[in-house]
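What follows is one structure encoded as structure tokens, with my remarks underneath.
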2 protein chains.
Amino acid sequence: MRLVVQKYGGSSVANPKRIMNVARRAVQAKRKGNQVIVVVSAMQGETDRLIHLAYQVNPDPSRREMDQMVSTGEQVSVALLAMAIHRLGEKAISMTGFQVGIVTDELHTQAKIVDVLHADRVKKCLREENIVIIAGFQGQTRNHAITTLGRGGSDLTAVAMAKVFGAKVCEIYTDVDGVYTADPRIVPNARKLKEISYETMLEMAALGSKVMHSRSVEVGKIYGVPILVRSSLNHNSGTLITEEKKSMEKEVVSGISLNTQEAKVTIFGVPDRPGVAAKIFKIIADHHINVDMIIQNKTNTKTTDISFTLMKSDLKRSLPVVEKSAEAVKAARVACDEDIAKVSIVGVGMRSHSGVASKMFSALAKERINIEMISTSEIRISCVIRGDEGKKAVRALHQTFRLAKK
Amino acid sequence: MRLVVQKYGGSSVANPKRIMNVARRAVQAKRKGNQVIVVVSAMQGETDRLIHLAYQVNPDPSRREMDQMVSTGEQVSVALLAMAIHRLGEKAISMTGFQVGIVTDELHTQAKIVDVLHADRVKKCLREENIVIIAGFQGQTRNHAITTLGRGGSDLTAVAMAKVFGAKVCEIYTDVDGVYTADPRIVPNARKLKEISYETMLEMAALGSKVMHSRSVEVGKIYGVPILVRSSLNHNSGTLITEEKKSMEKEVVSGISLNTQEAKVTIFGVPDRPGVAAKIFKIIADHHINVDMIIQNKTNTKTTDISFTLMKSDLKRSLPVVEKSAEAVKAARVACDEDIAKVSIVGVGMRSHSGVASKMFSALAKERINIEMISTSEIRISCVIRGDEGKKAVRALHQTFRLAKK
């Protein structure tokens, strides 16, 4: 019998009405003759409510206790979904990470799944005609502490369950129809991709496309589990994230992405000596600040300027750290700029095509858009530009690379 | 090292401020050189919030899933309390019923504790200087489903933990100072009892004294665990619920209780044949309606009237059932009366003293209070009277039996 793994995020189970909607979809899959595993997140807002409670009690809460608490969000939603499915006349049983025996490492709040102890329990429930509903985002250490998997954690659970129980595909239900060549709100004739490679999707996710978190795509890639991204609000076909295929290479560029969530920080007058950059970014990393693009420009013989981007939401807590690191290396001063946008083109076809970068830069130049920073990977080119020119840039690139619906 | 078990109810952990208060008490006990286990309930209102969610999804929710969901309430409060204790500089670790391995029977929503599998884990945490915070009200079946223990369940957990880990006494913190000879709001000079026997407390609890649920007192009695009832809001000494002692017998009556939560239902013209009462109360029991006092009065040769009391909150759903049972035995009609009060005197001394009942009836007669129903046990006499005469009756009896502060 075919096994289907479906995953629904927090907005899909945000209230009783939406939970009934998810129940109907799961029941539908069951009544088509499949065995069904459903992985769900906490109801939208619940995790934040709990975290807020914790900070009222302790400004620096223990990560173990945070996980113990936050994991209840999914425990509530799996039980509610089981009740909803019962109401539709099908058998269903909910299971926590503990009950499935999802063992992780000890890294609370961002643990990694390392084993699944009680697959037999899940299999037994499936054989007994149950839809098995598994709490996403959570596991336990070998020491019986509850852990959570961090951002995108429920997707990770779903991909792992698809692997462990041998599903052909892991269906991720979200509030978008799939992966588009660009954000349809910016480019109305953006085209939905039928398929996309893990690698391209990873770059898209890293660039801020909110369809899926990169960790889950990575795990899908490692385990060889194809991931079908679909909307929980309609029955459209979605986008399949899978292994790179010949057909994909025909497309030089698969998509254009825009990220306006980053800010640029510049450290001016950094002494130009070996080890200085290392010292700066060690201090920043020690404070768990994630830095994205890093550019160094040598401006005179003795000093250099270093710019990098980070999440705007991290800026407030990061600036004092950056100031500290600048002092540590005797740099001149620190400045920051929140009014930037990062526009990127992504596609596995770039590997075998030359001239893609110059085509991108020309397209931006034609629109009189100034490029402030450039960063590239094998299958991606990103440019930082002024914040208010982001949408114009996306539209120009979408047209230049002929990504529109035919 | 001495082990202290403390239990705090939902109102004691209702918000971050109160959680800090509980944390301070636990830390205080620890710093006196004790090992400390704290059992907590869900934050006030949380369980109801969850139950309400469930009923929105399914009007007849599965009990297994209900337990899976509702048990999260305690999981949140134990984690928050651990964080609060950390803030005060002591080590603490929270544990769910699952983590302690509190095994129960399979009776979801009102399970009984049958075993504790992982006492070693708790002992290890205690040895490592942790205050161990255990989720009340919950356990697991041998089949790995989460169960809850029903009303008063957190007290049960606390008493069981006191037994398993060998605490000399189980401290139950609540919003009252202890057990009084009568409700101090009715009798201003009511006296707090230093000690009370399990039996007397059981009768008091059954009579509606909200200090403790009878199940926990019963378990304390069976396990021989003395229970100290204290306020979480002050440092007064509380009341110790313990084995009956010689000294207690000196007090003929330990307390007067008043219950205005019950209503009287009368079935008139019930055919006077063997098996009729059985038939009526079987139908009522099948609908899970709890009946308290039952009185039968034969009024003529062929028929009889049967009266009983039940919770007012159950009245609405019960009346159709009672009507049905009356029809089933061809009784004449059903009437109900919500305007009643039940006043009771309780005390182990009654066993060895005669004339207590007549003294009670005389006291009521002197106040011109009419008695409508009487029910007695070995250590209790209850009278149903008019609702508006309840307080007057309590005051009269309190004086008659000389219970006031000396």
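When you check A:Thr109 against the structure, is it out of contact with any Cys (no Cβ under 6 Å at 6 or more places or on another chain) and at pLDDT below 95, yes or no? Taking the combined requirement at face value, the residue satisfies it.
Each residue in the range A:280-300 was checked for being closer than 20 Å to A:Arg317 by Cα and surrounded by 14 or more Cβ atoms within 10 Å (Cβ to Cβ), and 10 of them qualify. Consider the range B:58-90. How many of its residues are at the interface with chain A (Cβ under 7 Å from one of its Cβ atoms), surrounded by fewer than 24 Cβ atoms within 10 Å (Cβ to Cβ) and part of a helix (DSSP H, G or I)? Summing the residues that are at the interface with chain A (Cβ under 7 Å from one of its Cβ atoms), surrounded by fewer than 24 Cβ atoms within 10 Å (Cβ to Cβ) and part of a helix (DSSP H, G or I) in the range B:58-90 gives 2. B:Ser12 fulfils the conditions (1) out of contact with any strand residue (DSSP E or B) (no Cβ under 7 Å at 6 or more places or on another chain); (2) touching a residue at least 24 places away in the same chain (Cβ under 8 Å); (3) more than 12 Å from chain A (Cβ to nearest Cβ) except for a single criterion, (1).
Of all residues in the range B:330-353, those satisfying the criterion of being assigned to a strand (DSSP E or B) and either under 20 Å from B:Ile306 (Cα atoms) or free of Cβ contacts under 8 Å to residues at least 12 places away in the same chain (or both) are B:Arg333, B:Val334, B:Ala335, B:Cys336, B:Asp337, B:Ile340, B:Ala341, B:Lys342.
Only one entry in B:Lys7, B:Lys32, B:Lys91 is closer than 25 Å to B:His108 by Cα and either out of contact with any Phe, Trp or Tyr (no Cβ under 6 Å at 6 or more places or on another chain) or touching a residue at least 12 places away in the same chain (Cβ under 8 Å) (or both), namely B:Lys7. Screening the range A:378-396 for residues that are outside any strand (DSSP E or B) and among the β-branched types (Val, Ile, Thr) and picking the one that is surrounded by the most Cβ atoms within 10 Å (Cβ to Cβ) gives A:Val394. For beta carbons closer than 8 Å, sequence separation of 6+ or different chains, a first residue in the range A:173-187 that is free of Cβ contacts under 8 Å to residues at least 24 places away in the same chain and a second that is part of a loop (DSSP other than H, G, I, E, B), the qualifying pairs are A:Pro184/A:Ala190. Among the criteria (1) within 12 Å of chain B (Cβ to nearest Cβ); (2) closer than 30 Å to B:Ile131 by Cα; (3) over 20 Å from the mean Cα position of the chain (by Cα), the one A:Arg142 does not fulfil is (1). Against the conditions (1) in a loop (DSSP other than H, G, I, E, B); (2) at pLDDT below 90; (3) over 30 Å from A:Val22 (Cα atoms), A:Ser247 satisfies every one except (1).
Polar (S, T, N, Q), surrounded by fewer than 17 Cβ atoms within 10 Å (Cβ to Cβ) and either out of contact with any Asp or Glu (no Cβ under 9 Å at 6 or more places or on another chain) or closer than 26 Å to B:Ala14 by Cβ (or both): which single residue out of B:Ser231, B:Ser214 fits that description?
Values: B:Ser214 fails: surrounded by fewer than 17 Cβ atoms within 10 Å (Cβ to Cβ).
None of the other options fit; the residue is B:Ser231.
Selection of the range B:236-256 for residues being surrounded by 19 or more Cβ atoms within 10 Å (Cβ to Cβ) and either without any contact (Cβ under 8 Å) to a residue 40 or more places away in the chain or not hydrophobic (A, V, I, L, M, F, W, C) (or both) yields B:Gly238, B:Thr239, B:Thr242, B:Glu251, B:Ser254, B:Gly255.
From the list A:Gly9, A:Gly33, pick out the single residue that is farther than 17 Å from B:Met69 by Cβ, among the small types (Gly, Ala, Ser) and surrounded by fewer than 17 Cβ atoms within 10 Å (Cβ to Cβ).
Criteria check complete, one pass: A:Gly33.
The values are calculated or read from the model by the stated rules, or taken from the named source; none is laboratory data. These numbers were taken from a predicted model, which means no experiment stands behind them. All Cβ positions, glycine included, derive from the backbone under ideal geometry; neighbour counts span all protein chains shown.
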